[in-house]
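The structure appears below as structure tokens.
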Amino acid sequence: MVLALALASIALGAVAQVLLKLGMTAASMRAAIDAGAPWGILRAVLLSPGVIGGLALYGLGTVLWLAVLTRAELSQAYPFVGLSFVLTAAMGYFLFADAMTLPRIAGIALIVAGVVLVGRN
């Protein structure tokens, strides 16, 4: 149960990152940023569906994470947060054509190895 809660929290955080990216790269956001008016940028951020959705998912993921923290040792639970890097990198690659270089792949592999080692303890 704890593992399922942790993975759900991590997945929500990764999807939240995608929504935030979509919200911040929307045409209306670009127009506000190009105009350069600080209040216009703030307004565009606060009214962006992507940003609002991303923040909502972060909130839900945080609630799930709080449930994890009540059931697991912090030192064992927290390394699982590293999996969010793996999910976010994969979504960035598939959704936004982010570069997946050899050093990045090696770093992701190290993160996964670390999570496996900590999770087995």
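The values are calculated or read from the model by the stated rules, or taken from the named source; none is laboratory data. All values derive from a computational prediction rather than experimental measurement. Ideal geometry is used to build each Cβ from the backbone, glycine not excepted, and the neighbour counts take in all protein chains shown.
Could you pull out the residue among 67, 32, 16 that is at negative phi and surrounded by fewer than 20 Cβ atoms within 10 Å (Cβ to Cβ)?
Numbers: 32 fails: surrounded by fewer than 20 Cβ atoms within 10 Å (Cβ to Cβ); 16 fails: surrounded by fewer than 20 Cβ atoms within 10 Å (Cβ to Cβ).
Step by step, each of 67, 32, 16 is checked, and only 67 is at negative phi and surrounded by fewer than 20 Cβ atoms within 10 Å (Cβ to Cβ).
Inside the stretch 93-118, residues that are touching a residue at least 40 places away in the same chain (Cβ under 8 Å) and surrounded by 14 or more Cβ atoms within 10 Å (Cβ to Cβ) make up a count of 1. Across the stretch 72-95, the qualifying residues are those that are farther than 17 Å from residue 4 by Cα and small (Gly, Ala, Ser), and the one among them that is modelled with the lowest pLDDT is 75. Taking the stretch 37-48 as the range and being exposed (fewer than 12 other Cβ atoms within 10 Å of the Cβ) and either of a type in the set (Phe, Trp, Tyr) or within 21 Å of the chain's Cα centre (by Cα) (or both) as the test, the residues that pass are 39, 46.
Highlighted here are the helices (runs of 4 or more DSSP H) found entirely within the stretch 1-54 that include at least 2 residues which are within 30 Å of residue 71 (Cα to Cα) and touching a helix residue (DSSP H, G or I) at 6+ places or on another chain (Cβ under 8 Å): 2-25.
Taking every residue in the stretch 1-25 that is under 25 Å from residue 97 (Cα atoms) and pairing it with any residue that is among the aromatic types (Phe, Trp, Tyr) and crowded, with 20+ Cβ neighbours inside 10 Å, at least 6 positions away or on another chain, the pairs with Cβ-Cβ distances below 7 Å are 9/65; 10/80. Listed by first and then second residue, the pairs linking a residue in the stretch 58-79 that is without any contact (Cβ under 8 Å) to a residue 60 or more places away in the chain to a residue that is outside any helix (DSSP H, G or I), with Cβ atoms under 8 Å apart and 6 or more places separating them unless they lie on different chains, are 76/121.
Among the residues of the stretch 12-53, the one identified as modelled with pLDDT of 75 or more and touching a Lys or Arg at 6+ places or on another chain (Cβ under 8 Å) is 50.
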